[in-house]
Amino acid sequence: MTGWAPIDCHAHTTMSDGALSIGELIDEVRARGVRPSVADHLSTDVALSVKSIEGVREYLDALEPYEVARGGEFCWHDPLWRELPDDLVVRFTHRLGSLHAVRIPGASRPLSMFHRELPNELTAAAYMALHLDDLERLAAEMPVDILSHPTLLPIPLRDLPIDELWTDALEDRLVDALFRAEIAFEISNRYRPHERLVKRAHDRGVRLSLGSDGHTRAQVGDIGFPLEMATRVGAEPRALYDPFVHGTRATR
Ligand SMILES: [Zn+2]
Ligand SMILES: [Zn+2]
C-alpha cells in the first residue's frame, strides 16, 4: 500500500493574487508533505485575476508542464464560469465555486464579502437568509467540485457569535444543497469553519476538501488545521476530496 498524502486543493500564484510562481508554490507545498494544486482566481470581478476565456486557456497552458493539480476559483456572481467552452472545462482537475458577493434585493450590485458595511436596515438574520438563497443557487447551477470557504461572510458580520449567524436550519440548507449537487465542503485554513457545521456536512454525506487558500510562502500547503478538523469530525483521510481519486464533475 502506498503512503497517503493530503492534497491542498486551493492555493494562489502570481497568475492571480498570490505571491509565488507555479514552481515556487509546488516546492513549498511538497516540502510540507502535501500535494499541490494551483487554484487561481478566474473571474472578471477580482482585481488580480484571469479575466477572459483566452486568459483561462493561457492559464491552463502555463500549468500543463508541471506536476500539479489544475484547479481554478470561480466567483458565483461573475459570468466567466458560464462562458467557458467544454475544451477548457475538461482540462481542469477540479473547479472551486466561491460566494464572494451576494445578491441584495433592490441593490444595483451584489454585496461583496470584502465590503466594510452592510446596507441600511439589513439585520444579520435577514442577510443570512439572502446568503443561503445564493448558496443554494450556486450549488444548483454552478458545475464545481468544491465550495470554497463555505463560511466566508461580509466583513461587518465576521465577529458576531456563530450562533447568531448560523442556525440549525441554515446549516441544514447549506449541507443539503451541497449533498444534492455532490459538491465538496472546503475546510479552509484561511476562513475557518466552525466544527458543528463541518460535522453536519460530514454526517450528511458531503465530501470534505482541504484548502489552505494560501497566497504566500507561509500559507500555501498549510492544511494542518483543516486536516485536524476533518479527522475530528470522523472523516477518513482517503475519503477527503482528491481530484485524482474522485474525479471532477466535468468528466464524471
Ligand atoms: Zn475566495
Ligand atoms: Zn482563494
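Any read-out appearing in this document is the output of simple, stated calculations on the displayed coordinates, not a laboratory observation. As the structure is a computational prediction, the values presented were derived from the model and not from experiment. Here the Cβ positions follow ideal geometry from the backbone for every residue, glycine too, while neighbour counts run over all protein chains shown.
Based on DSSP, what percent of beta bridges with both residues in the chain are antiparallel, to the nearest 5?
The antiparallel proportion sits near 10 percent.
Can you compute the charge dipole magnitude of the chain about its Cα centre, using +1 on each Lys and Arg Cβ and -1 on each Asp and Glu Cβ, nothing else charged? Give it in debye, rounded to the nearest 20.
Here the chain has a charge dipole of around 340 debye.
Could you work out the helix-only [θ] at 222 nm for the chain, with each DSSP H run of four or more residues adding -39,500 (n - 2.57) and the total divided by the number of residues, to the nearest 500 deg cm²/dmol?
-10000 deg cm²/dmol
Within the chain, what's the longest run with no GluC sites (Glu not before Pro) in a DSSP loop and at most 10 other beta-carbon atoms within 10 Å? Give the range, please.
122-252
Sort PHE74, PHE225, PHE244 so the one with the fewest other Cβ atoms within 10 Å of its own Cβ comes first.
Ranked by crowding around the Cβ, least crowded first: PHE244, PHE225, PHE74.
Counting alpha carbon pairs within less than 8 Å and at least 6 residues apart, what relative contact order, in whole percent, applies to region 96-250?
21 percent
Please state, as a whole number in µm²/s, the translational diffusion coefficient that the Stokes-Einstein equation yields for region 1-81 at 25 °C and 0.890 mPa s, with Rh defined as the Kirkwood radius across alpha carbon pairs.
D = 187 µm²/s.
Can you tell me the convex hull volume per residue for region 17-133, based on C-alpha atoms, in Å³ to the nearest whole number?
It comes to 139 Å³ per residue, whole-number rounded.
For each of ASP176, ASP61, count neighbouring Cβ atoms within 10 Å of the residue's Cβ, then give the residues from fewest to most.
ASP61, ASP176
List the relative contact order of region 1-69 as a percent without decimals, with contacts defined as Cα pairs under 8 Å and 6+ residues apart.
Answer for region 1-69 is 31 percent.
Once phi is turned into θ = phi - 60°, what whole-Hz ³J(HN,Hα) does the Karplus curve with 6.51, -1.76 and 1.60 give for every residue of region 190-200, x standing for Gly and Pro?
So the J values, rounded to whole Hz, are 7, 10, 6, x, 7, 4, 4, 6, 5, 5, 4.
Report D for the chain in µm² per second (integer): Stokes-Einstein, Kirkwood Rh on Cα pairs, 25 °C, 0.890 mPa s.
135 µm²/s
Using the count of nearby Cβ atoms within 10 Å as a rough guide to exposure, how do ILE183, ILE104, ILE223 rank from fewest to most?
If I rank by nearby Cβ atoms, fewest first, I get ILE104, ILE183, ILE223.
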